[in-house]
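Every number in this text was worked out from the coordinates using simple rules, so none of it is lab data. Here the structure is a predicted model, which is why all the values come from computation and not from measurement. Don't worry about glycine lacking a Cβ; one is built from the backbone with ideal geometry, like all the others, and counts go over all protein chains shown.
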Amino acid sequence: MLIIADEAYKEIIYDGIKYSSIISFDDMKERTVLINSFSKTYSMTGWRIGYAAVEALSGSQEYTGYMIGQFEKRRNILVDGINNIKGMKCIKPQGTFYAFANIKALGMSSMDFAFDLLDKVQVALVPGITYGRSGEGYVRMAFTVDEEKLKETVRRIRHYVEIM
């Protein structure tokens, strides 16, 4: 069996968790194709590789560490805020910069919730159904914006849920 492992988010982890690649396990190195990216760790989405990638790898990793700390703060603001909205709950992701919130108690499809939220309070998120049937009842939210915008996002979602 051949394993294809996407490790694009391997650096963006929180809570002191240490990443372990699948190739570190016995007999996996020979059977694994690793996929990685500069787009997540180095915020180089859409860039064409070249000198920038060389600089990203050989340069200081200080800024990357700083940004991961910022994402962790933003994650906490978003997830804690969502968990204080009646009918919504969200497990803190241990990595990446997305949260997947459970909206099942609100009695709406993820598609209806997402479009109505956008229409009524101008908050954009992704319906969980987009990721397959098991994603229904969830919505995906990015916490890549600054802390004040996240607080405003939570305030708007809370307002929406209270008036629906």
Restricting to Cα pairs under 8 Å and 6 or more apart, the percent relative contact order of the stretch 1-95 works out to 31
Going fewest to most other Cβ atoms within 10 Å around each Cβ, V121, V145 line up as V145, V121
Most exposed first, judged by fewest Cβ atoms within 10 angstrom, I13, I49 run I49, I13
A correct fewest-to-most ranking of F25, F97 by other Cβ atoms within 10 Å would be F25, F97
For 137-144, 86-93, ranked highest to lowest by mean beta-carbon neighbours within 10 Å, the order is 137-144, 86-93
Restricted to pairs 8 or more residues apart or on different chains, the lysines in the chain with C-alpha atoms under 20 Å apart form a number of pairs equal to 27
Summed over the other residues with a beta carbon less than 12 angstrom from that of D112, with K and R at +1 and D and E at -1, the charge totals -2
Between (i) 0.92; (ii) 1.00; (iii) 1.03, the structure-derived Rg/Rh (Cα atoms, Kirkwood Rh) is (iii)
Given the candidates V126, S58, I12, the one whose Cα lies deepest towards the positive end of the charge dipole of the chain, counting +1 at each Lys or Arg C-beta and -1 at each Asp or Glu C-beta, is V126
